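S.K.: Have a look at this one before I ask anything.
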Amino acid sequence: MASSTSQAADWWDHLQRMDGSHNLSDIATSAGRILVVLSETYAQAMHRDLLALAASGADTVLIGGACDLDGVLRIPANAALRNALGGTLTSLNARMAAAWLQHCTPGRLVTPAAKERWTAWVGQAACPERYARTPMSDAAVIDFIKDMKSRYPNSSRTRLLRLLRDKGMACEQKRFAGLYSSTIGQR
């Protein structure tokens, strides 16, 4: 998974150079419709291709993405749907795409009826998550990691972050991963 737009752009450029690859607008034109599921980072890296896709005239739904595009129905990532769809925020866009398909008219991706059904469902299913967790300094997170690793040496980084959050403490996942790696090393 790319952690920056430039890494995502490198990934996309590599895919485009592979033998037999097709661009999104060619796929959409031949199929007449296309469902694209992208994080903000990947959508930014693929912006030029998404603009071409928008101009293709195919029924196009973009789940997630970075911005609205004329000619594309964009369903922005919505963390308030995580409880209804289950799973983590990392895979939310994929689960949103599956849910979108359940609201579609068979054989069509974009219809006014599908948009109405989706909007009604989101209105009922959305449940914003609010956490009253206490922020921690880097030093406090490192102390927590050392303490938990001494108590539970076989615990994964993910498990330790879960323990920290269950104690009502706050630390963003990427920050925790960096502090864990600098404290424990890559494992």
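S.K.: Polar (S, T, N, Q) and without any contact (Cβ under 8 Å) to a residue 40 or more places away in the chain - does that describe any residue in region 31-50?
M.R.: Looking through region 31-50, at least one residue is polar (S, T, N, Q) and without any contact (Cβ under 8 Å) to a residue 40 or more places away in the chain.
S.K.: Counting only residues that are surrounded by fewer than 18 Cβ atoms within 10 Å (Cβ to Cβ) and not basic (Lys, Arg), which one in region 36-50 is farthest from the chain's Cα centre (by Cα)?
M.R.: Per the stated criteria, the residue is Asp49.
S.K.: Then there's this: Any residue that is farther than 30 Å from Ala125 by Cβ and either open to solvent by less than 30 Å² (accessible area, probe 1.4 Å) or among the basic types (Lys, Arg) (or both) - is there at least one of those in region 51-58?
M.R.: no
S.K.: Within region 1-28, which residues are assigned to a helix (DSSP H, G or I), at pLDDT below 85 and among the hydroxyl-bearing types (Ser, Thr, Tyr)?
M.R.: Within region 1-28, Thr5 is the sole residue that qualifies.
S.K.: If Tyr42 passes every condition in (1) more than 13 Å from Asp59 (Cα to Cα); (2) modelled with pLDDT of 85 or more; (3) out of contact with any helix residue (DSSP H, G or I) (no Cβ under 9 Å at 6 or more places or on another chain) but one, which one does it miss?
M.R.: Only one criterion in (1) more than 13 Å from Asp59 (Cα to Cα); (2) modelled with pLDDT of 85 or more; (3) out of contact with any helix residue (DSSP H, G or I) (no Cβ under 9 Å at 6 or more places or on another chain) is unmet by Tyr42, namely (3).
S.K.: Restricting attention to region 160-182, does a residue exist that is aliphatic (A, V, I, L, M), over 30 Å from Ala80 (Cβ atoms), open to solvent by less than 40 Å² (accessible area, probe 1.4 Å) and in contact with a helix residue (DSSP H, G or I) (Cβ under 6 Å, 6 or more places away or on another chain)?
M.R.: no
S.K.: Could you say which residue among Asn83, Asn78 is open to solvent by 50 Å² or more (accessible area, probe 1.4 Å) and over 30 Å from Thr183 (Cα atoms)?
M.R.: Every option except Asn83 fails the conditions.
The values are calculated or read from the model by the stated rules, or taken from the named source; none is laboratory data. Every value quoted in this text rests on a predicted model; they were computed, and no experiment measured them. Heads up, the Cβs are rebuilt from the backbone with ideal geometry, glycines too, and the neighbour counts pull from every protein chain shown. The accessibility values were calculated without ligands, DNA or RNA, using every heavy atom of the protein model including side chains. Shrake-Rupley method; radii C 1.70, N 1.55, O 1.52, S 1.80 Å.
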